[in-house]
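First up is the structure itself, then whatever we jot down about it.
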Amino acid sequence: MNTKLIIILMNLLFCCATVSAQDDQKSDLQKRAEAVDPTQNIASARSLFIHAFNDYYNKGQIAQGVECAVKATALYYKENYYKEAFDLLRRADEVVNAASLSSSEKAALHYPVTKERLQMYIKLRKSDSAKDQLNILENLASQSGQESVKNDLLYTKAIYYYTFGMNAQGNAVFKEMADKLTAQKDYDKVDEVYKTLIANGRRSNNANMVAQSYSNYIAWKDSTNALKHADEIKALKEQIASQKATIDDKDSSLTARQLIIIGLGILAAALAAALAVGAVILLRFILLTRKQKKTITLADESNALKAKFISNISAQLEPTLIKLDKSVPEVQALLDFSEHIQTLSELENRTEPVDVEETQMQSFCKDLIEQVRDKVKAGVNLTVNAPNLSANINREYVSHILLHLLTNAAEYTPANGTISLEFKKRGPHAYQFLVSDTGEGIPVEKRDDVFKPFLEIRDLTTGDGLGLPICKKMAQKMNGDLDIDPAFTKGTRFTLDLHA
């Protein structure tokens, strides 16, 4: 029993290491997308998966990109955005076709894309379209040459047949898969597949699928119990025969038997010691975790007190700074720095939701562009692309963010360049603003740091570096986010996503 326990623990450690290695291969964008709870913020999760897809594509990592595209598609049609879902799958297929891969590799990558398209047609109850996709899946599975893909095809075909009431075909396909795995004596996997099919039927309220799956499961269970018992009896007989042979070999030597007993005693002692050491390590880990949790809590409280302390200092300095000569650049820089610190502190401590008002987007965007027209260099083209519709936004925060981004773009866009402001409606309650310029762009390694305050000591007359952190915090207070589009390579593009 102790030996089995150690083997199980080693397997768990190996699995954890494998999962950790797989996570390390994921990009930061994909990790951020998977960290978002779709039930809380489905638009943000979907947007991050699409960004991850574009990022993987630009890096030539097609398989990872297809995985993210498929996950984003599922989040699209979960909200009934079928057009966007089909468009994204079409683009994923184009990316696979353009990749320098073998025909079998392309087939393996086209398979999950086509399978997701089949899932949508099944959800829409379009049996003919679903049948066409199923035929394509059969060809792709054959071309891929991968056994796992072929097994998945059988499972997918069973779901299709049961969904559209073709019980006989569903039973035949599922029996083929069950027989195949049973012949390999992979009973646990067959059991898992049956339970998964039953669970899928319950989630989709497909009573026919649940009934057929459960009936087949019971029949398979009965038929395999005898096989499993026979295998177990055979294994026990082989084990008994092996042990008997060992005993017969050792029976002639009393010394050898004594050595075996001594060895078993040493092994038992070693296992007991190992378990004791493991218990001590586990206890230390629990105590360390509690200590770290307490440290984190204290650190959070300390950060809050620091923020309040800094804000109070800034507020106390402001009356004195106002009396100084504002025409001196250093004095004005200190005043701006004091104001930014107070603004950032207020945003950090704000808990109440922000107010929104209905705003006409086209005139709103044009007005913002006009406010920076006199700040751009010669020949710079200012463009607005906003439909003639209204949206509920917090005008104060959105105006502050967009004016800051446009002012930065005006400063860094060279003569004869282009600055654009776009507005897009991404869903019934999801909006997106995009500010793009053709400047030299922000280096990739610095993009995450531009939203973090107080990272370096700066000459305040050249800026305090708090503008983008304030904008980021404002976006988050509006149940949104501000980020840099990694797929835009002709300069810099900021994306402001809002969710009403």
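The values are calculated or read from the model by the stated rules, or taken from the named source; none is laboratory data. Since the model is a prediction, treat every value here as computed from it, not as a measurement. Don't worry about glycine lacking a Cβ; one is built from the backbone with ideal geometry, like all the others, and counts go over all protein chains shown. Surface areas here come from the heavy atoms of the whole protein model, side chains and all, with no ligands, DNA or RNA. Shrake-Rupley method; radii C 1.70, N 1.55, O 1.52, S 1.80 Å.
For the reader, a short list of remarks on this structure follows.
- Using a simple spin-label model with pseudo-atoms 7 Å out from Cα toward Cβ, Asn135 and Asp28 lie 4.7 nm apart.
- Global geometry of segment 66-135, whether rounded, prolate or oblate, following the gyration tensor of its Cα atoms and the 1.5 cut on a/c: oblate
- Residue list for segment 325-366, given a label point 7 angstrom along the Cα-to-Cβ vector of Asp374 and an amide N cut-off under 11 Å: none
- Stretchable slack from Arg202 to Arg395, in nm (0.36 nm times residue separation minus alpha-carbon distance): 64.9 nm
- In this simple spin-label approximation, Val450 and Ala415 carry label points 7 Å from Cα along the Cα→Cβ vector, and these lie 2.5 nm apart.
- Legend: calculated FRET efficiency, Val354 to Ala183, from the Cβ-Cβ distance at R0 = 51 Å, rounded to 0.05, equals 0.25.
- For segment 103-116, backbone phi angles converted through the Karplus equation (6.51, -1.76, 1.60; θ = phi - 60°) give residue-by-residue couplings of 5, 5, 5, 4, 4, 5, 7, 5, 4, x, 5, 5, 5, 5 Hz, Gly and Pro being listed as x.
- Extension gain (nm, one decimal) between Arg257 and Ser242, 0.36 nm per residue minus Cα-Cα: 3.8 nm
- Rounded if a/c under 1.5, otherwise prolate or oblate - segment 342-390, Cα gyration tensor axes: oblate
- Rounded Å value of the spacing that divides the Cα centres of segment 349-413 and segment 143-180: 54 Å
- Segment 379-473: C-alpha gyration tensor shape, a/c 1.5 cut-off, then a/b vs b/c: oblate
- Rounded accessible area of Lys71 (nearest 10 Å², 1.4 Å probe): 70 Å²
- Ordering of 491-498, 358-365, 400-407 by burial proxy (mean other Cβ atoms within 10 Å per residue, highest first): 491-498, 400-407, 358-365
- Full extension of the chain between Ser215 and Ile286 yields a length gain of 20.9 nm, computed as 0.36 nm times the residue separation minus the alpha carbon distance.
- Each peptide among 477-488, 266-277, 340-351 gets the average number of other Cβ atoms lying within 10 Å of its residues, and from highest to lowest they stand as 477-488, 340-351, 266-277.
- Using the Cβ-Cβ distance between Leu347 and Ser327 with R0 set to 41 Å, the FRET efficiency from 1/(1 + (r/R0)^6) comes to roughly 0.85.
- Sequence ranges 47-53, 160-166, ranked by mean other-Cβ count within 10 angstrom, highest first: 47-53, 160-166
- Model label sites at Ala279 and Ala168, defined 7 Å from Cα along the beta-carbon direction, differ in position by 6.4 nm.
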